[in-house]
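A quick write-up on the structure given underneath.
The values are calculated or read from the model by the stated rules, or taken from the named source; none is laboratory data. This one's a predicted model, so the numbers in the text were calculated from it and none came from an experiment. Positions of Cβ are backbone-derived with ideal geometry, glycine not excepted, and every protein chain shown enters the neighbour counts.
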Amino acid sequence: SPSGDEGYPGTLQCTVTYWISKDKTLEIHYDVETDAATPVNLTNHSYFNLRGHGSGPILNHEMTLFADFFTPVNSGLIPTGELRAVDNTPFDFRVPALIGSRINDSDQQLQFGQGYDHNFVLNPDATGEFRRAALVKEASTGRALEVWTSEPGVQFYCGNFLNGTNHGKDGAVYNHRGGFCLETQHFPDSPNQPDFPSTILRPGKAYQSRTYYRFFAE
């Protein structure tokens, strides 16, 4: 993108590469360079439904998120800058739980997002640069999805604002909570939150981000 595009400084050279490997893993590689300091925080907003496209809500998917903290938001869904422990909240998916088991709780954070639409702070992985972000299972099909990433966070979104206006293959209609997203990323609003990891890319530095979505059956 050229310098000044949408108000951002710097000419940005960005390459996004997709691979599908033999072990049924979708790999997404982001590589970015800039000629002026500018914020860079790229992610992927694909929806998943392990029962198949157009098969209804994803509330019976079993979710595990490898995160001890999440970033709470204000009523406009902008992070407040706090890192809040998931303990004793509907955001604790460290033990596998159905997505729908607590999505309608009275927790204010769920009310703000009309469900889950929050960034989770991924636990560091001592074995290497990649963090295990999520494990999702769907019992009726035996299908499962595992997500690994080089990013420090993942935005878990449950299609709370899908309303049937989006259509997919064979005319399938995507209604309320008809898919979930696992968007690997730096934390939203990082340029305005000094305690969040920086998203400023400077000339001479390379931005590299890697995410792996591995599909398998049990």
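Pairing each residue of the stretch 163-183 that is touching a residue at least 40 places away in the same chain (Cβ under 8 Å) and under 27 Å from ALA133 (Cβ atoms) with any residue that is assigned to a strand (DSSP E or B) and β-branched (Val, Ile, Thr), provided the two are 6+ apart or on different chains, yields C-beta distances under 6 Å for LEU182/VAL147; LEU182/VAL154.
For residues that are buried (at least 17 other Cβ atoms within 10 Å of the Cβ) and in a strand (DSSP E or B), tally how many sit in the stretch 155-179.
Total satisfying the criteria: 4.
Counting the residues of the stretch 56-87 that are out of contact with any strand residue (DSSP E or B) (no Cβ under 9 Å at 6 or more places or on another chain), in contact (Cβ under 8 Å) with a residue 40 or more places away in the chain and polar (S, T, N, Q) gives 0.
Of all the numbered requirements in (1) assigned to a loop (DSSP other than H, G, I, E, B); (2) more than 16 Å from GLU183 (Cα to Cα); (3) of a type in the set (A, V, I, L, M); (4) out of contact with any Ser or Thr (no Cβ under 9 Å at 6 or more places or on another chain), LEU77 misses one, and that requirement is (2).
Here ASP31 does not fit the description of being part of a loop (DSSP other than H, G, I, E, B), out of contact with any Pro (no Cβ under 8 Å at 6 or more places or on another chain), in contact (Cβ under 8 Å) with a residue 40 or more places away in the chain and farther than 23 Å from GLN114 by Cβ. Scanning the stretch 12-28 for residues that are out of contact with any Phe, Trp or Tyr (no Cβ under 6 Å at 6 or more places or on another chain), at pLDDT 95 or above and loosely packed, with under 15 Cβ neighbours inside 10 Å, we see that the one that is farthest from TYR157 (Cα to Cα) is GLN13.
When the residues of the stretch 121-139 are narrowed to those that are of a type outside the set (Phe, Trp, Tyr), in contact (Cβ under 8 Å) with a residue 40 or more places away in the chain and assigned to a loop (DSSP other than H, G, I, E, B), which ends up surrounded by the fewest Cβ atoms within 10 Å (Cβ to Cβ)? Spell out how you get there, then give the answer.
Step one: filter the stretch 121-139 for residues of a type outside the set (Phe, Trp, Tyr), giving 121-129, 131-139.
Restricting the remaining residues to those that are in contact (Cβ under 8 Å) with a residue 40 or more places away in the chain gives 121-123, 131-139.
Filter again for assigned to a loop (DSSP other than H, G, I, E, B), leaving 123, 139.
On the way: ASN123: 16, ALA139: 14.
Filtering the stretch 121-139 for residues that are of a type outside the set (Phe, Trp, Tyr), in contact (Cβ under 8 Å) with a residue 40 or more places away in the chain and assigned to a loop (DSSP other than H, G, I, E, B), the one surrounded by the fewest Cβ atoms within 10 Å (Cβ to Cβ) comes out as ALA139.
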